[in-house]
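No value in this document is a laboratory result; all are computed from the given coordinates. Since the structure is predicted, the reported quantities are computational estimates derived from the model, not experimental observations. Counting neighbours? That spans all protein chains shown, and the Cβs are built from the backbone with ideal geometry, glycine included.
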Amino acid sequence: MEIRAIYIFILYINMYSTSSFSDLIKNKDKKELVFIHTPKCAGSYIGNILSYLKIKNLGHHQAVPNKKYIYFTVIRNPVERFESLLNYRLSEEKPRIDWPIYLSYVYHDKYIGLDDIVSKMSNEDILGFTPFKTINYWTKNVDIIIILDNLPKMLEYFGYKYDVNLFKPVNVSNKTRGTISQKNKNRIGKLFNDDVELYNKVVSVNEIIVKRRG
């Protein structure tokens with residue numbers, strides 16, 4: 001089997017996609033590739049690559065069914081994604097409107113650790129950040145879901161090539177307040193359970209292919 005054929009199976013085709021697997025593959029050269037930016041999933045870095053390749057980027061907007069498009073997005077581990085969100089927010093000068101009011105004081109005390117902040121948050125607080133939302137929200141109507149490691153291979157399959165070394169990470173969250181404990185990681189994982197299940201499915205597709213190629 002040639003490499004280009006293997007790339008087909010590295011992709012996780014969303015079960016809720018409005019297009020079938022065979023339709024996506026058969027018409028990949030006739031449809032426009034369009035990116036949906038799932039927040040805190042390296043979207044700014046990816047955006048620079050897509051701008052270079054002249055690929056449409058819809059930013060923080062849900063995909064709307066369109067027979068002319070093949071929508072794709074990149075996701076990451078949901079717990080790490082939430083941790084990245086908090087680190088990014090806490091690097092800003094003041095809290096945004098969706099930040100819990102009773103935790104506004106943590107912006108003035110840099111010694112309060114990330115785990116302590118999460119412990120004080122209610123479940124509603126954790127689930128209430130915008131435009132963060134859930135991974136399942138951002139993958140609605142999306143055809144192809146991948147992890148960042150598979151971006152070069154996916155784009156190459158659709159006819160786009162680029163030098164990875166030309167692009168550097170951007171908007172990397174500063175980790176100045178420590179890490180989240182395993183107890184709170186488990187709590188966050190349960191709150192984003194559907195996202196965890198989807199992420200594991202996407203990762204498992206990649207692992208299967210690696211084993212087959214090995």
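Restricting attention to the range 3-213, close to 15% of DSSP beta bridges with both partner residues there are antiparallel.
Would you list HIS108, HIS61, HIS37 from fewest to most Cβ contacts within 10 Å?
Numbers: HIS108 8, HIS61 11, HIS37 21.
In increasing order of surrounding Cβ atoms, one gets HIS108, HIS61, HIS37.
Given 37 °C and 0.692 mPa s, compute D for the range 3-213 with the Stokes-Einstein relation, Rh being the Kirkwood radius over Cα pairs; round to the nearest whole µm²/s. This corresponds to a translational diffusion coefficient of 178 µm²/s.
Across all directions, the average flat footprint of the convex hull enclosing the Cα atoms of the range 102-214 is 10.2 nm². Ignoring GluC sites (Glu not before Pro) that are buried or in helix or strand per DSSP, and keeping those with at most 16 other beta carbon atoms within 10 Å, what is the longest stretch of the chain between them? Longest run free of exposed loop sites: 94-214. Computed from Cα positions, the angle between helix 78-90 and the longest principal axis of the chain comes to roughly 50 degrees.
Computed over the chain, the per-residue total of -39500 (n - 2.57) for DSSP H runs of n ≥ 4 gives a 222 nm mean residue ellipticity of -12000 deg cm²/dmol, rounded to 500.
Nearest 20 debye, what's the magnitude of the dipole of the chain about its Cα centre given +1 on Lys and Arg Cβ and -1 on Asp and Glu Cβ? Write out the running numbers ahead of the final one.
Details: 32 positive and 22 negative charges, 94 e Å.
With Lys and Arg at +1 and Asp and Glu at -1, about 460 debye.
Give the angle, between 0 and 90 degrees and rounded to the nearest 10, that separates the Cα long axis of helix 182-191 from the longest principal axis of the Cα atoms of the chain. Between the helix axis and the principal axis of the chain, the angle is about 60 degrees. Computed from Cα atoms, the angle from the helix 43-53 axis to the main principal axis of the chain rounds to 30 degrees.
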